[in-house]
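Working notes, beginning with the structure itself.
The values are calculated or read from the model by the stated rules, or taken from the named source; none is laboratory data. The structure presented is a predicted model; accordingly, all values stated were derived computationally and were not measured. Positions of Cβ are generated from backbone atoms using ideal geometry, with glycine treated the same way; all protein chains shown enter the neighbour counts. Heavy atoms of the whole protein, side chains included, go into the accessibility calculation; ligands, DNA and RNA do not. Shrake-Rupley method; radii C 1.70, N 1.55, O 1.52, S 1.80 Å.
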Amino acid sequence: MLKKLYYWWFISIFSFPVYSFAADDIAQTIIRIHGEILGPTCKIKDEDLFVDFGTLTNKDLLWHGRSSSRDFAIEFECQTEDIYNVAISFTGQETFYTDLQRLIIIQGDTPLNPWGIAIQLVEPNGENMPLNAETATYTIKDQSALNFKAFVKVSQSAISRKNIRLGEFNAIANFLIEYQ
């Protein structure tokens with residue numbers, strides 16, 4: 001008899017539906033999934049580009065306010081015969097000179113120890129290209145290249161002081177391509 005009573009007691013305790021205790025604690029989460037499918041894109045042939053200004057004299061820079069332009073190209077290797085419309089932008093740290101805004105800063109350039117120069121980029125269409133801004137749209141296909149220019153530009157404060165810091169200089173910008 002004791003065995004039967006224990007058996008019924010066990011069934012009656014554990015036969016209550018578990019969900020009746022947790023019904024108010026159920027939470028629902030919505031998962032939204034988003035994506036985009038793209039066709040094959042082009043690769044950039046050389047991931048590291050180097051623009052060499054060679055040797056510049058401070059006297060010429062102060063006299064002309066800038067260096068001569070140096071050409072550089074971004075070459076593309078496309079996997080298909082498709083034609084791509086792209087917007088290009090160069091990003092990086094902008095200079096602090098008010099008359100050279102949106103130009104690439106020279107590494108180590110500070111208001112306390114100024115170089116007095118910055119790097120200006122020029123688009124393939126000949127327009128000056130501000131740093132951290134998108135260019136016009138260009139068409140690329142197959143093994144094409146976009147030809148840019150760069151030059152050293154002197155700040156008005158350096159021209160007024162007749163002083164540009166001497167030594168080797170470096171500047172860095174990143175290249176971004178956006179397919180349209």
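Structure summary
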read-out: Net charge contributed by nearby residues that have their C-beta within less than 14 Å of Gly116 (K/R +1, D/E -1); value: +3
read-out: Cα-based Rg and Dmax for segment 100-139, where Dmax is the largest Cα-Cα distance (Å); value: 12.7, 44
read-out: Label-to-label distance, nm, for residues given as Thr91 and His64 (7 Å Cα→Cβ offset); value: 3.3
read-out: Label zone at Glu178, where the point sits 7 Å out along the Cα-to-Cβ direction: segment 67-93 residues whose backbone N lies under 16 Å; value: 85-92
read-out: Relative packing of 57-69, 96-108, 113-125, which averages over residues the other C-beta atoms within 10 Å, highest first; value: 113-125, 96-108, 57-69
read-out: Highest-first arrangement of 132-139, 88-95, 48-55, where packing means the average Cβ count within 10 Å; value: 88-95, 132-139, 48-55
read-out: Carbon + sulfur, % of accessible area of segment 68-167 - ligands and nucleic acids excluded, 1.4 Å; value: 46
read-out: Projected label distance in nm at Glu127 and Thr98, using a 7 Å step from Cα toward the beta-carbon; value: 2.7
read-out: Accessible area in square angstrom per residue, the chain, 1.4 angstrom probe; value: 73
read-out: Computed FRET value (nearest 0.05) for Glu81 with Thr137, which takes r as the C-beta separation and R₀ as 30 Å; value: 0.95
read-out: Helix 2-14 vs. the chain, principal-axis angle (Cα, 0 to 90°, nearest 10); value: 30
read-out: log₁₀ of I(q)/I(0) at q = 0.08, 0.15 Å⁻¹ - the chain, Debye sum with one point per alpha carbon; value: -0.43, -0.92
read-out: Cα principal axis extents for segment 90-172, largest first, Å; value: 48, 22, 19
read-out: Karplus 3J(HN,Hα) series, Hz, for segment 141-152 with 6.51 cos²θ - 1.76 cosθ + 1.60 (x for Gly, Pro); value: 7, 6, 9, 9, 9, 10, 9, 10, 9, 9, 8, 8
